Structure formats: C-alpha cells, structure tokens
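Undergrad: Below are the structure tokens for one structure; questions will follow.
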Amino acid sequence: MAGAVAKRLGGVFAPVVTTYDRAGAVETGAFRANIRAHLAAGLDGVVLCGSTGENPLVDDAERRTLLEAARAEVPRDKWLIMATGAESTRQAIARTADAARLGADAALVVSPHYYTPSMTPEVLRAHFTAVADAARIPVLLYNIPKYVHFSLAPALVGELARHPNIQGMKDSSGDLALLGQYLGAQGDAFTVLTGAGHLLHEGLRLGARGGIVAVSLFTGGMARAVHDAFARGDEAEAARLQSVLLPLGKEIVGLMGVPAIKLALDRVGLVGGPVRGPLLPLDAVGAARVDALLAEAGLGVGAAA
C-alpha cells in the first residue's frame, strides 16, 4: 500500500492524447513535445491512457512505453497519473503495479463494465478495494458514465474514500448534482476532481479541487486560468474564461470526441495526429466546425504552445 504523497492533489491536469506515426505505431517524440507544452502552459500534471488517450486501443507494452517517455518529461513537483483500469481485477492490479514500477504518481482506475448487470456496489467495492490494497501508489476512482454506462453510487464512493490508499476521484459525468454528492466524501485524504471542462468553474464553486479536463489540451493555460481566478476570488474573470471554454468543451470534447480533440491540437500547433481504428478522422463538416469553434475562441496556430 502506498504511503502519503508529498504533494497535494489539486489543480488542472491534461488527459493527454496518444500520438501515432503514419504507420499507426506509438510515436513518443510528439507525445513528449505535447507534454512539455502542457506543463509550460501551467498545468499541474498529465494523465496518460485515459479516455482522451484512446485507452481501449493502446496495448500494455505501449502503455509502458508512454509512461517511460512521460516520466522523462514530468518533473517530480508535477503529477504523472496513469490510467490503469481494466475489465479484470487481476489485470487492473498488474497495470497498476507496472505504473508504480515505472514512476507514476497515482493510478486512475475506471470501473469494469463489460458485465454491467453484475456490477453491483458489492462487486465494485471488492474490485476497487483489491486494486487499492495491492497498489504501491495512490488510487483515484474514475466515474465516466458516458463510456461505462453507469455511475458510481455516491454511497459507495463514500465507503471507498475511507480506504487509506484511495485518495481521490475524477467525475466525468457532467452532472453537477451528482458531483455535489461525491463532494460529500471529500476530506483531507480524499480529493474530488471534475472531468467536465465545460463545467470547470461550476465544479470549483461546488468544492472540487480542480479538474482533469480535455479542453485544457488545446486552450493553452485557459483552464488553469479559470482555476486561478476562482482561487483568488475573481469570480468575474473565472466566469469570463469559462464562457470561452464552454462551447469548446461541450462540442469538441463532449460531442465530437477524440478525433476532434486531436484535430484541435493540430490546429493550435501541437500534435494530435491520426486516431487508431475503429475511430476515424473527422469529415470535412466536422473539421470545419472545429475550426469555427477555435476561431470564435481566438485560438489559432501556436495558441496552446
């Protein structure tokens, strides 16, 4: 079991994309350059192989390659979080052990969901407890009903928050009422982060300590600026910045997903590059909409560098 971490979990984190070369293999040069840009923009750390990182499409050997590359770029005062969830408890434990061995600061663990009707609170409690018991790094719960097709019950989160090695969660539901219930479990040893970039300011107002938000990938330091404006009590500035993020988060991230996020990265001078099948690149209509949204936000080539 992991001991207490030296740095406090909070702030704004980039759930980085996985970059591929023209042949479809993981390409770490662009991946590392993106990470350097995200950290230079003031973000508090990165999350690897999450939903934006094409989690189900990256194999375990590639995950290890990406983590080694990221560890070379992320200083120890920033957070390097690895998504290690799996359908099997055994595989989630193994992935988390790999993450710890290769230098990750924490593991983000999504609920198993293939056997959805069997994923009762008792089953999920046993799964997350087993992963956390075995882990040598802190575990963060990951609630993303968009892909899992159910939400973690707030009562279960309250129970799991008492585990000494479950130190936080990411809630990507976009449901502020549900986020508020999860915040009931927040305390000195358990931190709640929002995963909804279009609602970052609202999440902070409810009490979330930050966010792991994909909109931060292509908007430079804007998401971090929302956090900082809120922290210093400048509600007007936080609201103004959030109004710029809102359509980007709702449409590019929420509606169009990974292909649009990668295109947005390309458009602002970072590297998104191709997606991996079965995903396909955006069609001309989708690409034009991404361009229009970025233009409306005042974002262009180099804006996120």
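Undergrad: Just name the residue that is surrounded by the fewest Cβ atoms within 10 Å (Cβ to Cβ) out of those in region 269-300 that are within 16 Å of Ile252 (Cβ to Cβ) and charged (D, E, K, R).
TA: Asp283
Undergrad: Still on this structure: Would you mind finding the one in Leu248, Leu241 that is part of a helix (DSSP H, G or I), in contact with a Gly (Cβ under 9 Å, 6 or more places away or on another chain) and more than 12 Å from Val12 (Cα to Cα)?
TA: Details: Leu241 fails: in contact with a Gly (Cβ under 9 Å, 6 or more places away or on another chain).
Answer to the check: Leu248.
Undergrad: Shifting gears a bit: Which one of Glu68, Glu87 is in a loop (DSSP other than H, G, I, E, B), in contact (Cβ under 8 Å) with a residue 12 or more places away in the chain and surrounded by fewer than 17 Cβ atoms within 10 Å (Cβ to Cβ)?
TA: Of Glu68, Glu87, the one residue that is in a loop (DSSP other than H, G, I, E, B), in contact (Cβ under 8 Å) with a residue 12 or more places away in the chain and surrounded by fewer than 17 Cβ atoms within 10 Å (Cβ to Cβ) is Glu87.
Undergrad: Return the residue satisfying two criteria in turn: it lies in region 26-62 and is more than 23 Å from Gly211 (Cβ to Cβ) and among the charged types (D, E, K, R), and of such residues it is farthest from the chain's Cα centre (by Cα).
TA: Out of the qualifying residues, it is Glu27.
Undergrad: Being farther than 24 Å from Gly207 by Cα, surrounded by fewer than 21 Cβ atoms within 10 Å (Cβ to Cβ) and modelled with pLDDT of 95 or more is the filter here, so list the residues in region 5-22 that pass it. Steps first, please.
TA: Let us first name the residues in region 5-22 that are farther than 24 Å from Gly207 by Cα, namely 16-22.
Filter once more, so that each one left must be surrounded by fewer than 21 Cβ atoms within 10 Å (Cβ to Cβ): 21-22.
Asp21, the sole residue that qualifies.
Undergrad: Being crowded, with 20+ Cβ neighbours inside 10 Å and in contact with a Phe, Trp or Tyr (Cβ under 9 Å, 6 or more places away or on another chain) is the filter here, so list the residues in region 217-241 that pass it. Before the answer, list the steps.
TA: Residues of region 217-241 crowded, with 20+ Cβ neighbours inside 10 Å: 217-220, 222-227, 229-230, 238, 241.
Once the filter is applied, which keeps residues that are crowded, with 20+ Cβ neighbours inside 10 Å and in contact with a Phe, Trp or Tyr (Cβ under 9 Å, 6 or more places away or on another chain), region 217-241 yields only Ala238.
Undergrad: Restricted to region 102-126, and to residues that are charged (D, E, K, R) and farther than 22 Å from Val17 by Cα, which residue is surrounded by the most Cβ atoms within 10 Å (Cβ to Cβ)?
TA: Only one residue fits best here, namely Arg125.
Undergrad: Can you pull out the residues in region 72-94 that are charged (D, E, K, R) and over 17 Å from the mean Cα position of the chain (by Cα)?
TA: Across region 72-94, the qualifying residues are Glu73, Arg76, Asp77, Glu87, Arg90.
Undergrad: Right, another one. Scan Leu57, Leu48 and give me the residue that is surrounded by 13 or more Cβ atoms within 10 Å (Cβ to Cβ) and out of contact with any strand residue (DSSP E or B) (no Cβ under 6 Å at 6 or more places or on another chain). Write out each step before concluding.
TA: On the way: Leu48 fails: out of contact with any strand residue (DSSP E or B) (no Cβ under 6 Å at 6 or more places or on another chain).
From the options Leu57, Leu48, the qualifying one is Leu57.
Undergrad: Here is a follow-up. Based on what the data block shows, is Ala99 farther than 27 Å from Thr219 by Cα, among the hydrophobic types (A, V, I, L, M, F, W, C), touching a residue at least 12 places away in the same chain (Cβ under 8 Å) and part of a helix (DSSP H, G or I)? Walk me through how you get there before you give the answer.
TA: On the way: farther than 27 Å from Thr219 by Cα: yes; among the hydrophobic types (A, V, I, L, M, F, W, C): yes; touching a residue at least 12 places away in the same chain (Cβ under 8 Å): yes; part of a helix (DSSP H, G or I): yes.
Judged against the criteria, Ala99 is a match.
Undergrad: Additional query: Of the residues Val109, Val47, Val16, Val74, which is of a type in the set (A, V, I, L, M), in contact (Cβ under 8 Å) with a residue 24 or more places away in the chain and in contact with a Pro (Cβ under 7 Å, 6 or more places away or on another chain)?
TA: Going through Val109, Val47, Val16, Val74 in turn, the sole match is Val47.
Undergrad: Still on this structure: For region 135-171, give me each residue that is assigned to a loop (DSSP other than H, G, I, E, B) and either in contact (Cβ under 8 Å) with a residue 60 or more places away in the chain or buried (at least 21 other Cβ atoms within 10 Å of the Cβ) (or both). Explain how you work it out, then say what you get.
TA: Kept after step one, since they are assigned to a loop (DSSP other than H, G, I, E, B), are these residues of region 135-171: 135-138, 144, 149-153, 161-165.
Result: Ala135, Arg136, Ile137, Pro138, Ile144, Leu152, Ala161, Pro164, Asn165.
The values are calculated or read from the model by the stated rules, or taken from the named source; none is laboratory data. The structure displayed is predicted, hence computed values, not measured ones. Note: ideal-geometry Cβ built from the backbone for every residue, glycine included; neighbour counts use all protein chains shown.
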